[in-house]
1. Could you pull out the residue among Val155, Val171 that is closer than 20 Å to Phe400 by Cβ, under 18 Å from the mean Cα position of the chain (by Cα) and among the aliphatic types (A, V, I, L, M)?
2. Go through the range 78-186 and tell me which strands (runs of 3 or more DSSP E), entirely inside it, have 2 or more residues that are assigned by TED's automatic domain parsing to the domain that holds Asp207 and surrounded by fewer than 17 Cβ atoms within 10 Å (Cβ to Cβ).
3. Can we say Asn263 is surrounded by 12 or more Cβ atoms within 10 Å (Cβ to Cβ) and either outside any strand (DSSP E or B) or touching a helix residue (DSSP H, G or I) at 6+ places or on another chain (Cβ under 8 Å) (or both)?
4. Take Glu343 and decide whether it is over 15 Å from Cys175 (Cβ atoms), in the same structural domain as Ser111 (by TED's automatic domain parsing) and under 21 Å from the mean Cα position of the chain (by Cα).
5. Any residue that is aromatic (Phe, Trp, Tyr) and either modelled with pLDDT of 90 or more or touching a strand residue (DSSP E or B) at 6+ places or on another chain (Cβ under 7 Å) (or both) - is there at least one of those in the range 51-71?
6. Sort out which residues of the range 264-283 are modelled with pLDDT of 85 or more and farther than 16 Å from Val47 by Cα, and write them in order of number.
7. Here are the criteria: (1) of a type in the set (Asp, Glu); (2) more than 22 Å from the chain's Cα centre (by Cα); (3) surrounded by 20 or more Cβ atoms within 10 Å (Cβ to Cβ). Tell me which single one Glu314 does not satisfy.
8. Which of the residues spanning the range 323-345 are farther than 28 Å from Val397 by Cα and not in a strand (DSSP E or B)?
Amino acid sequence: MLYQLNAGMTRFMQPLHVLARQSRQWLYQPWNPANASWSLRSLRASVELLERLTDSYDKPDWQLDATWVQDQPCEVHYDCVLSKPYCDLLHFRRQPQPEGQPKVLMLAPLSGHYATLLRGTVREFLPDHEVYITDWRNAREVPVEDGGFHFDDYVDYLIEFLRFLGPETHVMAVCQPCVPALVAAAVMAERGVPLPRSMTLMGGPVDTRISPTDVNDYASGKDLAWFQRNVICQVPAGFAGQGQLVYPGFIQLTGFMSMNLDNHISKHFKFFNDLIRGDGDSAEAHRSFYNEYLAVMDMPAHYYLETIRRVFLEHQLPRDCMQHRGHPVTLAAIENMALMTVEGELDDITGRGQTAAALVLCRNVDNAQKRHFEVEGVGHYGIFNGRRFRQHIAPEVKDFMHKHQ
């Protein structure tokens, strides 16, 4: 019922959105003699704000069609090198193709946003790394015939991707995939499969008992039955995944925005004032951020519920009671893999110390192969995107990979 209600509201708002868009386009005509007037700029700002508030945001483009390698321009092509029902392994192939650069697999979070949320992360590594990424699919577009998707399936996907890429690969896990990435490494070690060269965990909920945040409290403050009753929906007719059980992206987005509602409101007021003042750079930065932030996808219900139970309610990994396909998983099995953790001082999603816990849990990794990096004044998003990431975090991660290459 909730899914149909949201779809109905979207359809209801569509005519208003189209009217606002057409009005904004007409008001921005360069020949309009009143362009410089405060009243017209205010009207245009109001119309554009209405247009954006009534829009439905689809998966954004990567917008990474070119890069520079050793001071030479390169085209970038998006190649799907391995396809699974719920995820594509995407390769950012550069042309001409440089040789001898480290291979890095970026694990994008399966947490309601598309992998394009890591666009800035990919852009920073393209000039000097062979970049691959997990490009997750919107669960409402996966046919029921392709089966469900569970936490163990996530781990199996990562193992298959890593075996496909080979042991010379470096792994970067951003936020949510930190836990399944560690489980995958432990399972591979127990099976005698060569591990990746290094693994970098960035703002991930390895042990959510440490410095719990509002997000942790939300997840751990209710039992699993509450989530099943209140946030799990069945995909209705009109989508390829009709009948799938999902955690809808619009519910997750509503939850995240409600936790920082004042901040989001103030940002939109600032956007309105930037449009009136003619501050095009600030207005475009707002558009770019919210085009990505408001584009959400549905998550497979089984995976979502199992993550809530295993990571936030039962804390299986730090308590050493995690299982994969019915077999015990222990991080002590991980030995020959360098491990780095990255945290932000102001992270309000993953508290300080939650990611660094991995360094203690992986007790058989040599201390010379471990590294922790905490960045002052950086929140969750800033760990993998933005100026501080480009200037401080990315160089540290690259240096760590190079050291263990």
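The values are calculated or read from the model by the stated rules, or taken from the named source; none is laboratory data. Just so it is clear, the structure is predicted and the values come from calculations on it, not from any experiment. A quick note on method: Cβ atoms are made from the backbone with ideal geometry, for glycine too, and the neighbour counts reach across all protein chains shown.
1. Details: Val155 fails: closer than 20 Å to Phe400 by Cβ.
Matching residue, one of Val155, Val171: Val171.
2. Details: elements: 87-95, 103-107, 130-136, 169-174.
The strands (runs of 3 or more DSSP E) meeting that bar are 87-95.
3. Values: surrounded by 12 or more Cβ atoms within 10 Å (Cβ to Cβ): no; either outside any strand (DSSP E or B) or touching a helix residue (DSSP H, G or I) at 6+ places or on another chain (Cβ under 8 Å) (or both): yes.
Criteria not met by Asn263.
4. Values: over 15 Å from Cys175 (Cβ atoms): no; in the same structural domain as Ser111 (by TED's automatic domain parsing): yes; under 21 Å from the mean Cα position of the chain (by Cα): yes.
So Glu343 does not fit the description; no.
5. Step one: of the range 51-71, the residues aromatic (Phe, Trp, Tyr) are 57, 62, 68.
Keeping just the survivors that are either modelled with pLDDT of 90 or more or touching a strand residue (DSSP E or B) at 6+ places or on another chain (Cβ under 7 Å) (or both) gives 62, 68.
For the range 51-71, residues aromatic (Phe, Trp, Tyr) and either modelled with pLDDT of 90 or more or touching a strand residue (DSSP E or B) at 6+ places or on another chain (Cβ under 7 Å) (or both): present.
6. Answer for the range 264-283, where residues must be modelled with pLDDT of 85 or more and farther than 16 Å from Val47 by Cα: His264, Ile265, Ser266, Lys267, Asp281, Ser282.
7. Looking at each condition in turn, Glu314 falls short on (3).
8. Pass one, the range 323-345, residues farther than 28 Å from Val397 by Cα: 323-328.
Arg325, Gly326, listed by residue number.
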